[in-house]
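Peer 1: Pasting a structure here, questions to come.
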Amino acid sequence: MNLIDYFNSNKNLFTKKENIILAILVILFFSLDRVSKIQIINNFSERVYLINDFINFDLIWNTGIGFGLLSFESSFIYDSITVFISVVILFLIYLAVTSTNAEKLIFSTIIGGAIGNFYDRFKYNAVPDFIDLHYNGFHWFTFNVADIFITLGIIAYIMQNYLVKMRDEI
């Protein structure tokens, strides 16, 4: 069975109420990320905005993946990473659509954040990161709202699977 046949035979999978809610949540998380980035890009550009002793807003442009990892000057590597990310997002959408309701919420946070950063890769050829956490001269990787959603979703997914495994062992 090829992919088109699979989708044709499972059309009702995408119109189920739970999957429509999933799509709404993805759009909500994506929108929250977009609003935050638009505000930072339009209002903070090249200056650092000090919030308190632990957090600054400092706009940097990330050409790598999460937290600036795998940043390269090569457009081939950048494009390859972007293609890989698109495949991962499509796979996550498949997992979300076919998952339980609790997992749909978890996947919606990951997908919403991933699409937010993916959108930026096309619009700006980089992802705007701006949240700078620091303490006594130590700075964590600069990140954005989409990274928060992705991280929280991954943590929730790991915890949910751990709790299910613990329950099954009892």
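Coordinate-derived values only; no laboratory data. Everything numeric in this text was worked out from a predicted model, so none of it was measured. Ideal geometry is used to build each Cβ from the backbone, glycine not excepted, and the neighbour counts take in all protein chains shown.
Peer 1: With labels modelled as points extended 7 Å from the Cα through the Cβ direction, what inter-label distance (nm, one decimal) is found for Met166 paired with Leu95?
Peer 2: The two pseudo-label positions are separated by 2.1 nm.
Peer 1: Moving to a separate point now. Grab the other residues whose beta carbon is less than 10 angstrom from that of His139, score K and R as +1, D and E as -1, and report the net. Before the final figure, lay out the partial values.
Peer 2: Numbers: positive: none; negative: Asp58, Asp132.
Residues near His139 contribute -2 overall.
Peer 1: What shape does the stretch 87-145 take by its C-alpha gyration tensor, where a ≥ b ≥ c are the square roots of the eigenvalues and a/c under 1.5 counts as rounded, a/b above b/c as prolate, and the rest as oblate? Could you put the intermediate results ahead of the total?
Peer 2: Values: a/c = 3.88, a/b = 1.69, b/c = 2.29.
Taking the square roots of the gyration eigenvalues as a ≥ b ≥ c, the stretch 87-145 is oblate.
Peer 1: Under the classification rounded if a/c is under 1.5, otherwise prolate if a/b is larger than b/c and oblate if not, where does the stretch 24-170 fall, given a ≥ b ≥ c as square roots of the Cα gyration tensor eigenvalues?
Peer 2: prolate
Peer 1: Around Glu18, under 11 Å between beta carbons, what's the net of Lys plus Arg minus Asp minus Glu among the other residues? Present the calculation step by step, with values, prior to reporting the outcome.
Peer 2: Working: positive: Lys16, Lys17, Lys104; negative: Glu103.
Cβ neighbours under 11 Å give a net charge of +2.
Peer 1: Around Asn56, under 13 Å between beta carbons, what's the net of Lys plus Arg minus Asp minus Glu among the other residues? Don't skip to the answer; put the middle values down first.
Peer 2: Details: positive: Arg47; negative: Asp53, Asp58, Asp129, Asp132.
Spelling it out: positives minus negatives among the neighbours equals -3.
Peer 1: If you don't mind, another one. My understanding is that a pair violates if its Cα-Cα distance is over 30 Å; which of Lys16/Lys165; Lys37/Lys104; Lys37/Lys165; Lys17/Lys123 do that in this structure? Display every interim value, and only then the final one.
Peer 2: Details: Lys16/Lys165 28 Å; Lys37/Lys104 25 Å; Lys37/Lys165 38 Å; Lys17/Lys123 32 Å.
Lys37/Lys165; Lys17/Lys123, as the Cα separations exceed 30 Å there.
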